[in-house]
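Engineer: Mind having a look at this structure? Questions to follow.
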Amino acid sequence: MPLHPKLNDITQRIIERSRERRGAYMAQMDAAAQQGPRRGHLSCSNLAHAYAAMGDDKPTLVADQAPNIGVITAYNDMLSAHQPYATYPDMIREIARDVGGTMQVAGGVPAMCDGVTQGQTGMELSLFSRDVIALSAGVGLSHNAFDSAMYLGICDKIVPGLVMAAATFGYIPGVFVPAGPMVSGLPNDEKAKVRQKFATGEIDRDALMEAEMASYHGPGTCTFYGTANSNQMLMEIMGLHLPGASFVNPNTPLRDALTRAATQRALQITALGNEYTPVSAVLDEKAFVNGIVGLMATGGSTNLVLHLPAMARAAGIILDLQDFADLSAITPLMAKVYPNGLADVNHFHAAGGLAYMIGDLLDAGLLHEDVTTIAGKGLSLYTKEPKLTEDGLTFVDGPGTSSNDKILRPSADPFNASGGLAQLSGNLGRGVIKISAVAPERHVIEAKARVFHDQNGVKAAFQAGEITEDTIFVVRFQGPKSNGMPELHGLTPSLAVLQDRGLKVALVTDGRMSGASGKVPAAIHVCPEAADGGPLALIQDGDMIRLDATAGTLECLTDLTGRTPATPDLSGNGTGVGRELFAMFRDTVGIAADGAAVVVK
């Protein structure tokens, strides 16, 4: 199938925009690659320090003829998604030995759970943790002792931070290794109903806790299609996972077989062999376009609209919000996974999953096939799916049809003609809105503003019964410079209740929403943010605001001329729960449209 002409045009636009930056990046990567394997530049004293504790692996390491893998791990046992990684280093080490290689844990990176910090002060460190992860991985890889790297990470900020590091060390091959989603528990729509009942006082905390524990109940990624599972889709469609690796459950024979195969592949693609595949060759402009198309086709998390530009800049590529909007316009929504539907990621995978979706989009000319992946040349490799047979792991042709068209549909007969993400711009700034789960009659909201400086104020007004008319909630001073840009997912139950009562409501904020949010219209990531001179600082209660996702506009209909910007006291944002350590991040962070990054500008 010929490439969709608009897909080609958008890709060429990104290539032209990025030409100078990408050229400088690739020159740097090529120069580093020409120096040969990293360990060849270390002195005997350097190497002795690196190998001192390696026991029986010392002779192989000293011989310097076998590839050495550096593992960057985000393991901790508080995150259900990362708890399975506890056993991975030993498994990877044994597999490497079996095929004549070696492995060392190069370093660990932090991994916070947004589910734990949601609505809490710790959430103000969440976005910045992405850049800390990139820095931490960089420290681990800086020992210069590795021929390839394996990255163990899954959740919200962890994968983007690891990609930023992998791109920075782009002359080293890198394989991303997932652990898979937990098996299905309490359906996500039932969980959401329980939360709304708790918000209105219909049930007590014990009932809420019982429902939450039935939903988040075991090892693995949360099963809704939020940021963590959007990350996994991205790593597969961008060629950094093995085909079909994303959504295989933890602690299963197939999951272990895929980890073994990932280790073997990490050893095969080093510069010591004939299949040298550095990360810089995988993460090109076409790979990022494929990633955005995948995000739109699956109705993925809006958090990736922040992360992808930061990831791309680390690889010398400049993405713009217009690229997301234009790709969304030509990409059909093929999946209905909660919060866009009732199914979870296990159901999506069983219906045909990424193998079916990638094959269909390739046939429709909506993905670049001519890309480099860790599995080899061509994205068509990712139309295969892994199977465990008597002969071991094998990759077979994926399904040619969906087994459940209520969850996964062909691009020719999609749930929606577009991916459901729109850019918004107007006299209130520039932001994005995800409308794949928003009813069409709510794509345009015009109402009076109610202004708040934190989400607790919104909840208090709701609980006091103050919201009795159509309202656009302006929650400002929630951007990266103000307080680290926390997610405002805690607003979802209250706003959903108001919407269910028949009111037209929407959110306008310079903050973020969770990847699990969806049914309430939300103009998010608005920049410039209020603390950086943005017009949201001028809004007052009662101003008329129009959010038009169809036209792509965000306007205050009230004349703002001559107003003095609000100047709230943000001094309390700098202390408590570690916020003192992140003052430099708040002072130097970039704008949301460019990825709200500190370490990559």
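Engineer: Do you know which of the residues in segment 73-99 that are buried (at least 22 other Cβ atoms within 10 Å of the Cβ), aliphatic (A, V, I, L, M) and under 16 Å from C222 (Cα atoms) is modelled with the lowest pLDDT?
Structural biologist: L79
Engineer: Among the residues of segment 422-469, write down those that are polar (S, T, N, Q) and more than 31 Å from the chain's Cα centre (by Cα). Quick ask: steps written out before the conclusion?
Structural biologist: Here is the first cut: in segment 422-469, the ones polar (S, T, N, Q) are 423, 425, 427, 436, 455-456, 463, 468.
Correct list: Q463, T468.
Engineer: Show the residue pairs that are 6+ apart or on different chains and have beta-carbon atoms under 8 Å apart, the first residue being within segment 499-512 and free of Cβ contacts under 8 Å to residues at least 40 places away in the same chain, the second being among the charged types (D, E, K, R).
Structural biologist: Cβ pairs passing all conditions: L503/E469; L503/D470; T509/R476; G511/E487.
Engineer: Moving to a separate point now. Return yes when Q478 is at pLDDT 95 or above, more than 28 Å from the chain's Cα centre (by Cα) and either over 30 Å from E190 (Cα atoms) or polar (S, T, N, Q) (or both) and no when it is not.
Structural biologist: no
Engineer: Something else now. Kindly indicate which of A31, A52 is surrounded by fewer than 16 Cβ atoms within 10 Å (Cβ to Cβ), among the small types (G, A, S) and at pLDDT 90 or above.
Structural biologist: After applying the criteria, what remains is A31.
Engineer: In this structure, is R195 of a type in the set (K, R) and in contact (Cβ under 8 Å) with a residue 60 or more places away in the chain?
Structural biologist: Criteria met by R195.
Engineer: Taking M1, is it surrounded by fewer than 19 Cβ atoms within 10 Å (Cβ to Cβ), touching an Asp or Glu at 6+ places or on another chain (Cβ under 6 Å) and in a loop (DSSP other than H, G, I, E, B)?
Structural biologist: yes
Engineer: Next up: Among the residues of segment 554-601, which ones are within 30 Å of I445 (Cβ to Cβ), surrounded by 13 or more Cβ atoms within 10 Å (Cβ to Cβ) and hydroxyl-bearing (S, T, Y)?
Structural biologist: Once the filter is applied, which keeps residues that are within 30 Å of I445 (Cβ to Cβ), surrounded by 13 or more Cβ atoms within 10 Å (Cβ to Cβ) and hydroxyl-bearing (S, T, Y), segment 554-601 yields only T558.
Engineer: For G70, work out the one condition from (1) modelled with pLDDT under 95; (2) buried (at least 21 other Cβ atoms within 10 Å of the Cβ); (3) not hydroxyl-bearing (S, T, Y) it doesn't fulfil.
Structural biologist: Here G70 clears every test but (1).
Engineer: If you don't mind, there's one more thing I want to ask. Within segment 483-581, which strands (runs of 3 or more DSSP E) (wholly inside it) include 2 or more residues that are over 24 Å from G419 (Cβ atoms) and not acidic (D, E)?
Structural biologist: Once the strands (runs of 3 or more DSSP E) in segment 483-581 are filtered for at least 2 residues that are over 24 Å from G419 (Cβ atoms) and not acidic (D, E), what remains is 544-548.
Okay, residues lined up against (1) in the same structural domain as A537 (by TED's automatic domain parsing); (2) of a type outside the set (D, E); (3) surrounded by fewer than 19 Cβ atoms within 10 Å (Cβ to Cβ); (4) more than 30 Å from R260 (Cβ to Cβ):
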residue: E390; (1), (2), (3), (4): no, no, yes, no
residue: N427; (1), (2), (3), (4): yes, yes, yes, yes
residue: R442; (1), (2), (3), (4): yes, yes, yes, yes
residue: I467; (1), (2), (3), (4): yes, yes, no, yes
residue: P480; (1), (2), (3), (4): yes, yes, no, yes
residue: N483; (1), (2), (3), (4): yes, yes, no, yes
residue: L488; (1), (2), (3), (4): yes, yes, no, yes
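Engineer: Continuing with this model, one more query. Output the residues belonging to segment 130-165 that are crowded, with 24+ Cβ neighbours inside 10 Å and among the small types (G, A, S).
Structural biologist: A134, A137, S148, A149, G153, G161, A165
The values are calculated or read from the model by the stated rules, or taken from the named source; none is laboratory data. Remember, predicted model here, so these are calculated numbers, not experimental data. We place every Cβ from the backbone using ideal geometry, glycine too, and count neighbours over all the protein chains shown.
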